[in-house]
Amino acid sequence: MDRRQFGIGAASSLALAGCSQADSKFKAYNGPEVTSIVVNKGARKMYLLNNEEVLRSYDVDLGFAPVGPKRVEGDGKTPEGTYLIDRRNPNSSFHLSVGISYPNSTDVALAQSMGKKPGGEIFIHGEPNDHKDRKRALRVRDWTAGCIAVKNHEIEEVYAMVRTGTLITLRA
């Protein structure tokens, strides 16, 4: 190996060594298990709990018409009730996201009784990846279509801490 190849290899190794988990959106978490999540819509707060102990709290943005429970697709409301975290999206249009199991069978039946669809695709997520949408989200409170939004550094923490199957309760 000549000096040039050695120099390029050494520089590449140093560059990779400089890339750490701090630069990645995927964080590690080794603390107490998150046993449940509580969202207080009125206070615009979300709490990650280990049994009765609050591990973290976050200010949140909600759907664009947040008062009242979600009933139908397009109503701009964030659901109320008890659900599960049922999926994780590392390639979200909103930095990272974790899915909420809305709609449940009760939500579906209620929407159908009104001749409507219940909607779905409700997530806890970060800020929009699209620059124009992100600027709007930073200016407007309660800008989602019904999701719970936090800052990007906060969804990285939530994504690391919360496991699929975690109970989430959304309260008025």
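So that you can scan it fast, the table gives a plain yes or no per residue for (1) under 29 Å from SER24 (Cα atoms); (2) touching a Ser or Thr at 6+ places or on another chain (Cβ under 8 Å); (3) surrounded by 22 or more Cβ atoms within 10 Å (Cβ to Cβ); (4) among the hydroxyl-bearing types (Ser, Thr, Tyr):
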site	(1), (2), (3), (4)
VAL72	no, no, no, no
PRO79	no, no, yes, no
ASP86	yes, yes, no, no
PRO90	yes, no, no, no
SER97	yes, no, yes, yes
ASN129	yes, yes, no, no
ILE148	yes, yes, yes, no
HIS153	yes, no, no, no
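Out of ARG71, ARG87, one residue alone is charged (D, E, K, R) and in a loop (DSSP other than H, G, I, E, B). It is ARG71.
Residue check: is PRO118 at pLDDT 95 or above, over 21 Å from TYR47 (Cβ atoms), touching a helix residue (DSSP H, G or I) at 6+ places or on another chain (Cβ under 6 Å) and surrounded by 15 or more Cβ atoms within 10 Å (Cβ to Cβ)?
Working: at pLDDT 95 or above: yes; over 21 Å from TYR47 (Cβ atoms): yes; touching a helix residue (DSSP H, G or I) at 6+ places or on another chain (Cβ under 6 Å): yes; surrounded by 15 or more Cβ atoms within 10 Å (Cβ to Cβ): yes.
Spelling it out, PRO118 is indeed at pLDDT 95 or above, over 21 Å from TYR47 (Cβ atoms), touching a helix residue (DSSP H, G or I) at 6+ places or on another chain (Cβ under 6 Å) and surrounded by 15 or more Cβ atoms within 10 Å (Cβ to Cβ).
Looking across segment 48-68 at every residue that is assigned to a loop (DSSP other than H, G, I, E, B) and not polar (S, T, N, Q), the one that is surrounded by the fewest Cβ atoms within 10 Å (Cβ to Cβ) is identified as GLU52.
If you take the residues of segment 22-32 that are of a type outside the set (Gly, Ala, Ser) and surrounded by fewer than 10 Cβ atoms within 10 Å (Cβ to Cβ), which of them is modelled with the highest pLDDT?
Narrowing segment 22-32 to residues of a type outside the set (Gly, Ala, Ser): 23, 25-27, 29-30, 32.
From what is left, the residues that are surrounded by fewer than 10 Cβ atoms within 10 Å (Cβ to Cβ) are 23, 30.
Values: ASP23: 74, ASN30: 94.
Step by step, filter segment 22-32, then rank; the result is ASN30.
Going by the structure shown, is LYS132 assigned to a loop (DSSP other than H, G, I, E, B), over 24 Å from GLU33 (Cβ atoms) and of a type outside the set (Gly, Ala, Ser)?
On the way: assigned to a loop (DSSP other than H, G, I, E, B): no; over 24 Å from GLU33 (Cβ atoms): yes; of a type outside the set (Gly, Ala, Ser): yes.
No: the conditions fail for LYS132.
Filtering segment 142-150 for residues that are among the aliphatic types (A, V, I, L, M), under 12 Å from the mean Cα position of the chain (by Cα), in a loop (DSSP other than H, G, I, E, B) and at pLDDT 95 or above leaves a non-empty set. Scan segment 7-18 and give yes if some residue there is assigned to a loop (DSSP other than H, G, I, E, B) and either modelled with pLDDT of 95 or more or polar (S, T, N, Q) (or both), otherwise no. Looking through segment 7-18, none of the residues is assigned to a loop (DSSP other than H, G, I, E, B) and either modelled with pLDDT of 95 or more or polar (S, T, N, Q) (or both).
The values are calculated or read from the model by the stated rules, or taken from the named source; none is laboratory data. Computed from a predicted model, the values in this text were never measured in an experiment. Neighbour counts run over all protein chains shown; Cβ positions are idealised from the backbone, glycine included.
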